[in-house]
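Bear in mind these aren't lab numbers, they're just calculated from the coordinates by the rules spelled out. The structure displayed is predicted, hence computed values, not measured ones. Cβ placement follows ideal geometry from the backbone for every residue including glycine, while neighbour counts extend to all protein chains displayed.
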Amino acid sequence: QQQVKQSPQSLIVQKGGISIINCAYENTAFDYFPWYQQFPGKGPALLIAIRPDVSEKKEGRFTISFNKSAKQFSLHIMDSQPGDSATYFCAATHERGDNNNDMRFGAGTRLTVKP
Amino acid sequence: EAGVAQSPRYKIIEKRQSVAFWCNPISGHATLYWYQQILGQGPKLLIQFQNNGVVDDSQLPKDRFSAERLKGVDSTLKIQPAKLEDSAVYLCASSLAGVTDTQYFGPGTRLTVL
């Protein structure tokens, strides 16, 4: 089942610092890599996503870096804020003609940003 | 835009009892998903519906879990009988259509099996 490995399990960063979360996948058929943010008591919410035809995607303070040959991708949160404190999940899936969702999630990283 | 609604938010039952969860997806979303999220783990897909048909239920423990989506809108997930290892948060999500369309998650139902 576990086809996406995520690290670290938890991360503490000072306000204004850079948070980095890493993921590695096994299935080379994966071609869509989203990141989700989850606050306590809430469902996950899509943060940013990337396809393997680009090596980097940036949206505001959030950047995904993608290394296809290494089968790794990472989330960078620049200028981390206390409001970013949440659990972050990476995921991977692939489009198939039958529209099946084979979304595999990492185990999650609990980020704490200290003021 | 109203989000994905789920009820109940919390449920505590004894093992071997049955339980049902309800989900109302975002209006117009053809695809509905049920996930199981065990504490400390990422969500695991249980079943995916496209309109009112099942697209993928390969990870659904069919001996005890069942799900249906009535008229392609609301959905229920049932566990009968429940086991201790079923304690988890059950998340419902919906998307417009395909697998790479944004999935919008509900708040989940936290199930505790004693």
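Using r as the Cβ-Cβ distance of B:LYS78 and A:GLU56, and R0 as 35 Å, what FRET efficiency do you calculate, to the nearest 0.05?
0.20
If you place +1 on the Cβ of every Lys and Arg, -1 on the Cβ of every Asp and Glu, and leave all else neutral, what size is the dipole of chain A about its Cα centre, to the nearest 20 Debye?
Dipole magnitude for chain A comes out near 360 debye.
Over the Cα atoms, compute the radius of gyration (one decimal) and Dmax (the largest Cα-Cα distance, rounded to a whole number) for region A:52-113, in Å.
When restricted to Cα atoms, region A:52-113 yields Rg and Dmax of 13.8, 42 Å.
Separation between the B:LYS15 and B:LEU96 pseudo-spin-labels, each 7 Å from Cα along Cα→Cβ, expressed in nm?
About 4.6 nm separates the two model spin labels.
Starting with the highest mean, order B:59-72, B:34-47 by the number of other Cβ atoms within 10 Å, averaged over the residues of each peptide.
B:34-47, B:59-72
What does the average come to when, for each residue of peptide A:102-110, you count the partner chain Cβ atoms lying within 10 Å of its Cβ?
Per residue, the number of nearby Cβ atoms from other chains is 4 on average.
Lysines within cross-link reach of B:LYS15: Cα-Cα under 22 Å, excluding same-chain residues under 8 positions apart?
Answer for B:LYS15, where 22 Å is the Cα cut-off: B:LYS44, B:LYS62, B:LYS78, B:LYS83, listed by chain and number.
Once both labels are modelled 7 Å past Cα along the beta-carbon direction, what's the B:ALA5-A:LEU46 spacing in nm?
Each label point is offset 7 Å from its Cα along the Cβ direction, giving 2.3 nm.
Using only atoms on other chains, find how many Cβ atoms lie within 10 Å of each Cβ of peptide B:101-113 and report the average.
Neighbouring Cβ atoms belonging to other protein chains average 3 per residue here.
Remind me, relative contact order of chain A in percent, using alpha carbon pairs under 8 angstrom and six or more residues apart?
It rounds to 37 percent for chain A.
Relative contact order, percent, of chain B when contacts are C-alpha pairs under 8 Å separated by at least 6 residues?
In percent, rounded to a whole number, it is 37.
Calculate the mean, over all residues of peptide B:37-50, of how many other protein chain Cβ atoms lie within 10 angstrom of the residue's Cβ.
5
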